[in-house]
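Data block below; observations after.
Nothing in this text is a laboratory measurement; each read-out follows from the coordinates by a stated rule. Treat the numbers as computed from the prediction; the structure is a model and nothing was measured. In this analysis, Cβ positions are derived from the backbone assuming ideal geometry, glycine residues included, and neighbour counts consider all displayed protein chains.
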Amino acid sequence: MTEPASPALPPAEPHPQLDQLIAVLAHLRAPGGCAWDAEQTHESLTQYLVEEAHELIDAIEHGTPDDVLEELGDVLYQVLFHADIAAARGADGFTIEDVAARSIAKMVGRHPHVFGDVVADTADEVAANWDTWKRQEKPARTSVLDGVPRGLPALQRAEKLLGRADDVGFAPVLPAVDAPADERVLGAELLALVAAARARGLQPERALRLALSELEADIRHAEQRDGSARGGADLLD
C-alpha cells in the first residue's frame with residue numbers, strides 16, 4: 001500500500017542564537033557546570049514554569065516590548081530546561097528535537113486547511129472544524145473533560161468547563177445573575193464578590209473549585225446518560 005504523501009512544509013531557517021542557548025544550558029547541566037542546574041528535575045522546576053508564565057502575561061498586559069522579549073526568553077529557557085532533563089534519561093527520555101517534531105506534527109495535523117485539502121477560508125470555519133481535528137489527533141479521549149488541566153486557576157478552569165458543558169448540550173443550573181456590561185464591570189463585580197466572601201471568612205478559590213468538582217461530575221453524568229441513549233456511542237465521535 002502506498003503511504004500518503006507528507007504535506008509540504010515551509011523551508012526552515014537556521015537559528016544560531018537558539019542553538020547557542022541550548023548549548024549554554026547543556027554546559028550548565030554538564031559535569032563541571034552549575035550544581036544547582038544539574039540537580040533540577042521536572043518536579044522541582046514546576047514552580048518556576050508557573051512563575052515565568054505569569055511574568056510573561058504581566059509583561060504582555062502592562063510592560064514594554066523589551067519586557068515581553070525578556071520574559072519570552074525565560075519561558076523558552078524553561079522549555080529547553082525540561083527537554084534537557086528528559087534527554088538525560090537516555091532511551092527513556094526525549095530531546096528538544098523530539099519536542100519540536102511533536103509540535104510540528106500537531107500543528108500540521110490541526111491545520112488541514114493549510115497543509116491538506118480541507119477548505120476553511122474563515123476563522124469561523126476553522127473554529128467549527130477545530131474540535132474534529134483534535135478528536136482525530138487524540139482518539140483515546142472519551143470525555144469532553146479530558147485535556148482540561150486540573151492545575152488551572154479556578155476562574156480559568158470554570159470558563160473551560162462551562163465551554164465543555166456547552167459541547168455536550170448540558171446547561172448547569174446556576175443562580176440567576178445580570179450579565180455585566182463589559183469586562184471592567186465584570187472585574188469590579190468579581191472583586192466585590194471576593195471581598196464579601198473574605199468578610200465572611202470564606203475562601204473564594206476553594207469555593208469555586210468545589211463548585212467545579214460538582215459541575216464536572218454533572219457533565220460526566222450527562223455524557224454517560226446521552227451515550228447510553230445512543231447505544232453507548234462515544235460522545236466524541
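Sorted from fewest to most neighbouring beta carbons within 10 Å, what does the list Val185, Val126 look like?
Starting with the residue having the fewest Cβ neighbours, the order is Val185, Val126.
Please give the peptides 55-63, 147-155 ranked by average Cβ packing (other Cβ atoms within 10 Å per residue), highest first, as a rough proxy for protection.
Put in order of decreasing packing, that is 55-63, 147-155.
Any idea how far the Cα center of the stretch 79-124 sits from the one of the stretch 162-203, in Å?
About 36 Å separates the Cα centre of the stretch 79-124 from the one of the stretch 162-203.
Which of the three applies to the chain, rounded, prolate or oblate, going by the alpha-carbon gyration tensor with a ≥ b ≥ c and a/c under 1.5 meaning rounded?
It comes out oblate by the Cα gyration axes.
With a/c under 1.5 counting as rounded, go ahead and sort the stretch 143-229 into rounded, prolate or oblate using the C-alpha gyration tensor (a ≥ b ≥ c being the square roots of the eigenvalues; past the cut-off, prolate if a/b is larger than b/c, else oblate).
Prolate.
Is it possible to state the helix-based mean residue ellipticity at 222 nm for the chain, with each DSSP H run of 4+ residues giving -39500 (n - 2.57), the sum divided by total residues, to the nearest 500 deg cm²/dmol? What is it?
Computed ellipticity for the chain at 222 nm equals -21000 deg cm²/dmol.
Could you work out which residue, out of Arg198, Arg141, Arg225, moves most in a Gaussian network model of the chain, that is, has the largest mean-square fluctuation with Cα springs under 10 Å?
Arg198
Which shape class applies to the stretch 57-129: rounded if a/c is under 1.5, otherwise prolate when a/b exceeds b/c and oblate if not, where a ≥ b ≥ c are the square roots of the Cα gyration tensor eigenvalues?
Oblate is the answer for the stretch 57-129, as a/c is 1.5 or above yet b/c matches or exceeds a/b.
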